[in-house]
Amino acid sequence: MINLILQASPAASPSAIGSIVPMILIFVLFYFLLIRPQSQRHKKHQGMLSEIQRGDQVVTNGGIIGKVTKATDDELTIEIADKVKVRVKRMMIADVLNRTEPANDRAKKK
């Protein structure tokens, strides 16, 4: 009688598909709640970094606010005070506060 109680019935053991389905659902949930929004934020930030040009007012990751005086592919020169310029990697920019108009847009307005 004890042997009958200890033996598991075949219906009580979970199938392989039944144990994989919750894992798939958890991954889908993580994708839509964590991974996808983060990748969209990263893509938006990369676009913002690529559009930085001379004259823009930016904030660095360290909290320094300055005006871009020179922009190259991977480096920016930022003027943070009169005659005080700092070279910063483009990836270290947190936000753009004020954008300047491109030169050809200024000419169209006049």
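Residue check, Thr72 against (1) exposed (fewer than 10 other Cβ atoms within 10 Å of the Cβ); (2) within 15 Å of Arg99 (Cα to Cα); (3) β-branched (Val, Ile, Thr), all met but one. Which one? Result: Thr72 fails condition (2) only.
Which of the numbered conditions does Lys67 fail, given that it passes all the others? Conditions: (1) under 11 Å from Ile93 (Cβ atoms); (2) of a type outside the set (Ser, Thr, Tyr); (3) not in a helix (DSSP H, G or I). Among (1) under 11 Å from Ile93 (Cβ atoms); (2) of a type outside the set (Ser, Thr, Tyr); (3) not in a helix (DSSP H, G or I), Lys67 violates only (1). Which one is surrounded by the most Cβ atoms within 10 Å (Cβ to Cβ), of the residues in the range 77-104 that are more than 19 Å from Lys44 (Cβ to Cβ) and aliphatic (A, V, I, L, M)? Here the answer is Ile78.
Would you check which residues across the range 36-64 are part of a helix (DSSP H, G or I) and among the acidic types (Asp, Glu) and list them? Correct list: empty.
Read-outs throughout are calculated quantities, based only on the coordinates presented, and are distinct from any laboratory measurement. Predicted model only: the values in this text are computed from it and were never measured. Neighbour counts are summed over all protein chains in view; Cβ atoms, including those assigned to glycine, are modelled from backbone coordinates with ideal geometry.
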